[in-house]
Amino acid sequence: MIPYTTTARADTGVSNVTLGIWLFLASEVMLFGALFSSYALLRVSASAWPAGRDVLSLGLGAANTVVLMLMTGVFWRARSASWPAAQRLILASCALALVFLGIKTVEYAGEIRQGLVPSVNTFLATYFTLTGLHALHVIGGLVANLWAATGAARVGLEMTAGRVCALSLYWVFVDVVWLIIFVLFYLS
Amino acid sequence: MFSTDHKVIGLQYTFTSLTFLLLGFVLILIVRWQLAWPGTPVPMIGGLLGEANAFDGRIVPEFYNQLGAMHGTIMVFLAIVPLAVGGFGNYLIPLMIGAPDMAFPRLNMWSYWLFLAGGIVMLVSFFLPGGAANSGWTSYPPLANIATAGQTAWLFGMLLLVFSSLLGAINIIVTILQLRAPGLTMMRLPFFIWAQLVTAFLLLLAFPPLQAAAVLQLMDRLGGTSFFLPSGLVVSGQALNVSGGGSPILWQHLFWFLAHPEVYVLILPALGIVAEVIANATRKPLWGYRAMVGSALFMGFMSFIVWAHHMFLTGMGPVMSAFFQVTTMIISVPSVVIVSSLLLSLYGGSIRFTVPALFALAFLPMFGIGGLTGLPLGLAATDIPLHDTYYVIGHFHYIVAPGTLFALFAGVYYWFPKVTGKRMSEGLGRLHFWLSLVAMNGIFLPMFIQGLAGVNRRLYDGGRSYSFVTGLEGSFVLQAWAAGLLGVAQIFFIVNLVLSLVRGKASTENPWQATTLEWSTTSPPPHDNFAATPTVHRGPYDYSPAGSAADFVPQGQP
Amino acid sequence: MPWLPPPASSHAGSVDSVMTLVHLLMLVLFVGWGTYFVFVLARFRASRNTRANPEGARGRVALATEIGVVIAEVVLLVIFALPVWFDRTAARSSDAGAVVIRVVGEQFAWNVHYPGADGRFGETKLALVSPTNPLGLDRGSPSGKDDIVLLSLMHLPVNRPVVIQLSSKDVIHSFGVPAMRVKQDANPGIVTPVWFTPTVTGDFEIACSQLCGLGHYRMRGVITVESEEAFRRFLAEEAAALR
Ligand code: HEA
Ligand code: HEA
Ligand code: CUA
Ligand SMILES: [Cu+2]
């Protein structure tokens, strides 16, 4: 029906899904670009800025970094695997995403118990906003993963492969955002 | 209802946004009444507005601010953009490029429903305690941070609208680049398609910073943060209990980074429609098609680096403001090129003054006035007396109202036969046109004089306590009458739409004898648009070719 | 330029002349294109020109006007507008003879703060803010004893430069004085200097030019520009009232 959904068009060299995900990521870059610029501006003009290591839990943050990277790695394996195996890999990556969110929840709970809430200072305000938005992206990706893992029966393997391919790019983006967050908040 | 056919979705967008257009107009009718006769009961609807908004039918200042903020928001985000991009874009892009549908039909459906949800949130906000958002469509903090609950609804509504237009933009770009019919190279695309393509890129890249800004303001309002609140604020005699350390100017940068490209989103699709209608009505190719395409691309690119010309008087440094003055002057050049090309396209034509042609032709001088009055605003020195006066309101309304809105009217009259297979009444259309033209100028022309005299915008009583209003009271009354006339003119439009729908004369397949692809299928088009995928053999405007008896050759004809 | 209020400050003339020049350029463009527009509509209407000529306009007129517009804009910007603007924004702290005033906007009034005889502004403290002391001025401190605070009223001597240290207590306001061709946002948390020299005596309006809430429309102030002696007398009277 609609041409080039997953096959590349000769003169543009891409498929609709691939082009679509790149455009989506471009807008995401603008979103986080705006947020990180705001962070930079607020930090430069702040009179005091706590060292993230002392406030946040470096251990939990580092653990989450590993979990997220692992998750993306598993998902990328699904790209090249053939079907039932690929589906298992996607589900495994979903489990890892859940672990990430679990650790994040534990971290948030601990911080809130200590009275470290967004309204305390600009450091915590930016921390909660950026990690919260990042966590929303993980949740969104998780839902999309499940949708891709269960869609094969409905839309066929070719379409599913296209979706997995697009999602794998999305996860790399989510990782990059996390790494920047990790450096800016946990390591500084 | 939950259709994924781009034509159905396009019509859903069109009707929803026309309804919002009417609502935005009604809000401003109340404003014009209040400005002409401040503190007198609003006739007819005054009693319906609620005691909190209009005491004894008399508007209170809190409500006036809601009217202005919501008029701006509704017009920009719920009426004009969804009509131009969601309505015209969705309906016409696949037809004009010979595609069966948009690239992602389900995503398209989602865009519409997210848009509707955002619109409903905005509407419902009028019924919250304290009413709808009242800090201007610009929502500058700290004012917006401490405003009533309507502002929270505004932010949630904006987030929904941003999601909607991001999905829409991705869909449009992919559709245009990927689904062009065989033979339809980029340089054979109708200018309308180019305009939609650039528009979609602007939406895609400019909206996310507003999304970011909205998230930060929501955090400020709901999470108690201070992204936009500096330390040491005292509101109504009470020190504000927040951590402080934020920057109100940061919001302005994020907002205008979106909102300047946004104004080109308001004008580009309109230029696209005008170009199509003019080529058709003059029976000749567009003059300087390549230069127009280049200018549209350049304009799109430049629109990302002029935003701070809205902020000259915030106290920014001279180097920064010099930079933005230079870029602002540069960005006026592509507009001049496009308008000049359209004007030169008339030369040597055989001009048919049909109703769409009237609206499209009137667009040119109206856009000229609006664009030219942008120049004194773009020079910081002359922006000092003009900033935040009615001069600014006049500037952009000439572009968006007798400009963009006229172009959209032209589009409705032009493509109505395509969508319905019926014709609209020429007589009622002419009445609609002439009355609207007179009324629009009656409202907006006095604004330049008022602005030069120093009358500020957003004044509940039109500035009656100031001496600069002395001698101008009459102009406010004139504007109120003109606004009434504008309303009357729209009755002819609505009657025309309804009558033509129910018992309009059947139209021929190609009533305007146009060249572009959408006219090579039946009207209304079938579900998949074309019986067989068309092949394109020529440029978009092969009108009056030398050595041919017919005065047009369709794009699909070998 | 007609309709502008009569100029009342030393730089108003230069702003107005840029204003006139831009509007002349706009007028030329509009009348030029407008004449052409009416002409082509009449000349090339279908009843007169039954078949279009696809070649259309030729020649370099279009390009020439476009280049002309660019040149005119560059000249306007670089030769006329930018110098005026740089003059407006240049730092002028060195000016010895200037009257220095603090102006703090609040919903919906202007607090006008003179340093008094000692020429030094008293300290302001958040804790001292009250309905009778909107700025939280510390009257106990030596520099604060003699400070004069007025509400939405300002007295200025004619022909002497003024530096206004502008800021806000709550939301963004804008200090607009149409007759002086002065307008500057008053941002909370930031002090922005505004500099001008009144040249005409009389009363002039301050119009808040940034939406600041329900009372925005009535956030009006008055500047009384008077002779040097009258200004001295005003300061002396205010100082006497303090004692
Ligand atoms: C569609 C919308 C649109 C468009 C296209 C433009 C186009 C331009 N705008 Fe405008 N602008 C707005 C919408 C738009 N603007 C809005 C909404 C605001 C206010 C927001 C708010 O504060 O609420 C605003 C405010 C605004 C400001 C801030 C003013 C202030 O707050 O103090 C400035 C300052 O530089 C500016 C400049 C310009 C310039 C230089 C152009 C240029 O691109 C214009 C170039 C065009 C031309 C130069 C015309 C050329 C035509 C001819 C020469 C032909 C004549 C023809 C005939 C006679 C037939 N605009
Ligand atoms: C695209 C944007 C857009 C459009 C089209 C308009 C259109 C109009 N605007 Fe508005 N306006 C803004 C954007 C727009 N405006 C913005 C951003 C502001 C600043 C807000 C702020 O201060 O924050 C503003 C502010 C503003 C003010 C200043 C208020 C103030 O400062 O206090 C005024 C005053 O007259 C005004 C008037 C008008 C008028 C008379 C129209 C008319 O042109 C309206 C014409 C519309 C119609 C005549 C309706 C036609 C209806 C139909 C055809 C319906 C058919 C329906 C069906 C078939 C279902 N506008
Ligand atoms: Cu203060 Cu408007
Ligand atoms: Cu702009």
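Read-outs: derived from the displayed coordinates by stated rules, not from any lab. Just so it is clear, the structure is predicted and the values come from calculations on it, not from any experiment. Reconstructed Cβ throughout: ideal geometry from the backbone, glycine too, with neighbour counts over all protein chains shown.
Mind giving me the FRET efficiency for A:Val172 and B:Ile494? R0 is 45 Å, r the Cβ-Cβ distance, nearest 0.05 is fine.
About 0.30, to the nearest 0.05.
With r defined as the distance between the Cβ atoms of A:Ala10 and C:Ala230 and R0 fixed at 60 Å, what FRET efficiency is calculated, to the nearest 0.05?
Calculated value: 0.10.
Once both labels are modelled 7 Å past Cα along the beta-carbon direction, what's the B:Ser548-B:Arg352 spacing in nm?
Once both label points are built, they end up 1.5 nm from each other.
Between A:Val29 and B:Trp434, take the C-beta separation as r, use R0 = 45 Å, and let me know the FRET efficiency to the nearest 0.05.
0.40
Please give the charge dipole size of chain A, origin at the Cα centre, charges +1 on K and R Cβ atoms and -1 on D and E Cβ atoms. Round to the nearest 20 debye.
That gives chain A a dipole magnitude of about 260 debye.
Quantify how strongly other chains surround peptide B:220-226 by giving the mean number of their Cβ atoms within 10 Å of each of its Cβ atoms.
The mean count of partner-chain Cβ atoms within 10 Å per residue comes to 5.
By a straight-distance test (C-alpha under 17 Å), which aspartates and glutamates pair with A:Lys104 as possible cross-link partners, with residues fewer than eight away in the same chain excluded?
Cross-link targets: A:Asp175.
Starting from the alpha-carbon convex hull of segment B:437-526, give the projected area averaged over all orientations, in nm².
One quarter of the hull surface, i.e. the mean projection, equals 9.7 nm².
Do any of C:Lys125/C:Lys169; B:Lys7/B:Lys505; B:Lys7/B:Lys422; B:Lys7/B:Lys418 go past 18 Å between their Cα atoms, and which?
Exceeds cut-off: B:Lys7/B:Lys505.
Once Rh is set to the Kirkwood radius over Cα pairs, what Stokes-Einstein translational diffusion coefficient, in µm²/s, holds for segment B:1-98 at a temperature of 10 °C and a viscosity of 1.306 mPa s?
It comes out at roughly 106 µm²/s.
How large is the convex hull of the C-alpha atoms of segment C:109-169 per residue, in Å³?
Here the figure is 91 Å³ per residue.
For a bin width of 10 Å, list the pair-distance distribution of segment B:479-528 built from all Cα-Cα distances, rounded to whole %.
Calculated over all Cα pairs of segment B:479-528, the distribution is 20, 28, 29, 17, 6 percent.
At 0.36 nm per residue, and after removing the present C-alpha to C-alpha distance, how many nm does the segment from A:Ser188 to A:Asp54 gain when stretched out fully?
47.3 nm
Please report, largest first and rounded to whole Å, the three semi-axes of the ellipsoid equivalent to segment C:26-136, where each semi-axis is the square root of five times an eigenvalue of the C-alpha gyration tensor.
Over the Cα atoms of segment C:26-136, the ellipsoid semi-axes are 62, 21, 10 Å.
Within the P(r) computed for chain C, what percentage of the Cα pairs occupies the region above 30 Å?
43
When only DSSP loop residues count, what GluC sites (Glu not before Pro) in segment B:445-530 have their Cβ near at most 12 other Cβ atoms within 10 Å?
Answer in residue order: B:Glu509.
Which residue fluctuates the most in chain C, going by a Gaussian network model with Cα springs under 10 Å, if the choices are C:Gly213, C:Gly32, C:Gly144?
Comparing C:Gly213, C:Gly32, C:Gly144 in a Gaussian network model of chain C, the most mobile one is C:Gly32.
State the dimensionless ratio Rg/Rh of the protein assembly as shown (Rg: radius of gyration of Cα atoms; Rh: Kirkwood radius).
Using only Cα positions, Rg/Rh for the protein assembly as shown is 0.99.
Where Lys and Arg each count +1 and Asp and Glu each count -1, what net charge lies around C:Ser168 among other residues with Cβ under 10 Å from its Cβ?
-2
Which value results when the Cα radius of gyration for chain B is divided by 2.2 N^0.38 Å?
0.97
Mean residue ellipticity at 222 nm from the helices of chain B, using -39,500 (n - 2.57) per DSSP H segment of n ≥ 4 over the full residue count, to the nearest 500 deg cm²/dmol?
It comes out at -20000 deg cm²/dmol, rounded to the nearest 500.
What fraction of the Cα pairs in segment B:274-402, stated in percent, has a spacing above 24 angstrom?
37
Roughly how many nanometres apart are two label points built 7 Å out from the Cα toward the Cβ at C:Thr132 and C:Asn159?
The two pseudo-label positions are separated by 4.2 nm.
Would you mind calculating the gained length between A:Val106 and A:Ser119 on full extension (0.36 nm times residue separation, minus the Cα-Cα distance), in nm to one decimal?
Gain on extension, A:Val106 to A:Ser119, equals 2.7 nm.
Could you put B:Leu67, B:Leu21 in order, starting from the residue whose Cβ has the fewest other Cβ atoms within 10 Å?
Arranged by neighbour count, lowest to highest, B:Leu67, B:Leu21 become B:Leu21, B:Leu67.
Where does segment A:40-173 land on Rg(C-alpha)/(2.2 N^0.38 Å)?
Normalised Cα radius of gyration, segment A:40-173: 1.27.
Residue separation times 0.36 nm, minus the C-alpha to C-alpha distance between A:Leu70 and A:Ile180: what's the value?
Taking A:Leu70 through A:Ile180 to full extension adds about 37.9 nm, to one decimal.
Based only on Cα atoms, what Rg/Rh ratio does segment B:52-142 have, Rh being taken as Kirkwood's radius?
1.15
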